[in-house]
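Below: one structure, written as structure tokens.
The values are calculated or read from the model by the stated rules, or taken from the named source; none is laboratory data. The structure presented is a predicted model; accordingly, all values stated were derived computationally and were not measured. Here Cβ is always computed from backbone atoms with ideal geometry, including for glycine, and neighbour counts include all displayed protein chains.
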Amino acid sequence: MTDFEVLAGGVNQVVRVGDTVRRPTGPWSPHVHALLRHLTDGGFPGAPRVHAVTADGFEVLDFLPGEVSGYPATPAAASEEALVSAAELLRSYHDATAAYARSAPRAGWQEPVAAPVEVICHGDFAPHNCVLTGNRVTGMIDFDHARPGSRMWDVAYAAYRWVPLTAPTNADGFGSTAQQAARLRLFCDRYGLNRADRTRLIGTVAARLHALVDFMRARAAAGSEAFAGHLADGHHLLYLGDAAYVRERRLILEADLWS
């Protein structure tokens with residue numbers, strides 16, 4: 001009998017059937033599938049392969065074995081090894097998409113281009129969209145928010161989630177500001193973020209969180225029950241609070257960032 005499992009998390013229902021998963025598609029899915037095929041053809045090991053789109057509109061992708069963290073982060077996802085391997089995987093992914101980004105379509109993604117275009121942003125590179133083998137991040141899933149954009153736009157959100165750069169009032173986070181600063185430095189070092197981008201990182205984190213809230217509000221206004229539920233639960237207030245926090249603690253977070 002084929003294994004069948006409804007996977008937890010996310011705004012869409014995802015079903016595992018044996019070694020594949022089935023997810024709802026959207027108007028942006030053809031672009032995502034072309035991206036995933038490019039990654040497969042280039043030998044990038046950290047993303048699922050596309051197999052098919054069913055007659056009733058579900059994409060069939062590889063199931064990536066491993067553990068996916070919710071929030072608060074599991075001990076594995078909160079480990080230093082996870083932080084380091086997440087940064088390394090994101091850098092490897094960006095490098096694998098840099099050439100593709102130059103000719104990729106600029107319209108038709110779920111979200112608009114985040115100029116300047118340097119790579120294809122994953123768009124939601126976070127513990128809930130990454131697969132861990134032990135404490136090591138070995139895969140990335142859910143490319144619905146992928147789009148052409150800058151490395152910084154992706155790195156800023158990834159750092160926010162993996163460090164994490166959360167205010168003390170956010171129960172999903174952990175660590176003092178000084179501890180977060182040390183983890184932020186490590187993430188940037190292992191990604192290989194240059195000095196110029198480091199000087200803009202905290203401001204970009206705050207801007208990215210405000211953009212996320214704008215996206216949530218737009219989707220809720222368009223009729224998305226999932227995003228309306230997130231707003232009703234106050235998720236946007238956590239993001240706005242974290243944006244204010246990183247701006248307030250900027251000097252501490254940046255103290256060793258480019259030394």
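Does any residue of the range 87-105 turn out to be touching a residue at least 12 places away in the same chain (Cβ under 8 Å) and in a loop (DSSP other than H, G, I, E, B)? There is at least one residue in the range 87-105 that is touching a residue at least 12 places away in the same chain (Cβ under 8 Å) and in a loop (DSSP other than H, G, I, E, B).
Checked against the criterion of being without any contact (Cβ under 8 Å) to a residue 12 or more places away in the chain, within 21 Å of Thr169 (Cβ to Cβ) and part of a helix (DSSP H, G or I), the candidates Leu253, Leu231, Leu237 yield just one match: Leu237.
Would it be correct to say that Ala8 is buried (at least 17 other Cβ atoms within 10 Å of the Cβ) and either modelled with pLDDT under 95 or under 17 Å from the mean Cα position of the chain (by Cα) (or both)? Judged against the criteria, Ala8 is not a match.
Results for (1) hydroxyl-bearing (Ser, Thr, Tyr); (2) surrounded by 20 or more Cβ atoms within 10 Å (Cβ to Cβ); (3) under 20 Å from Asp62 (Cβ atoms), shown as yes or no for each residue.
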residue	(1), (2), (3)
Val84	no, yes, no
His94	no, yes, no
Pro105	no, no, no
Gln110	no, no, no
Val113	no, no, no
Asn135	no, no, no
Asp142	no, yes, yes
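Of the listed requirements (1) modelled with pLDDT under 95; (2) part of a helix (DSSP H, G or I), His33 misses just one: (1). Restricting the range 216-226 to residues that are in a helix (DSSP H, G or I) and over 17 Å from the mean Cα position of the chain (by Cα), the residue that is nearest to Ala82 (Cα to Cα) is Ala226.
Looking at the range 62-84, can you tell me whether even one residue there is of a type in the set (A, V, I, L, M), without any contact (Cβ under 8 Å) to a residue 60 or more places away in the chain and closer than 19 Å to Ala146 by Cβ? There is no residue in the range 62-84 that is of a type in the set (A, V, I, L, M), without any contact (Cβ under 8 Å) to a residue 60 or more places away in the chain and closer than 19 Å to Ala146 by Cβ. For Leu193, the stated conditions do not hold, so it cannot be described as surrounded by 15 or more Cβ atoms within 10 Å (Cβ to Cβ) and either outside the structural domain of Cys121 (by TED's automatic domain parsing) or not in a loop (DSSP other than H, G, I, E, B) (or both).
Per-residue answers, yes or no, for (1) at pLDDT below 95; (2) surrounded by 13 or more Cβ atoms within 10 Å (Cβ to Cβ); (3) under 21 Å from the mean Cα position of the chain (by Cα):
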site: Ile202; (1), (2), (3): no, yes, yes
site: Arg208; (1), (2), (3): no, yes, yes
site: Asp214; (1), (2), (3): no, no, yes
site: Trp258; (1), (2), (3): yes, yes, no
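Of the residues examined, Asn129 is one that is surrounded by 20 or more Cβ atoms within 10 Å (Cβ to Cβ), out of contact with any helix residue (DSSP H, G or I) (no Cβ under 7 Å at 6 or more places or on another chain) and in the same structural domain as His235 (by TED's automatic domain parsing). Of the residues Gly149, Gly123, the single one that is within 12 Å of the chain's Cα centre (by Cα), closer than 21 Å to Leu209 by Cβ and not assigned by TED's automatic domain parsing to the domain that holds Thr20 is Gly123.
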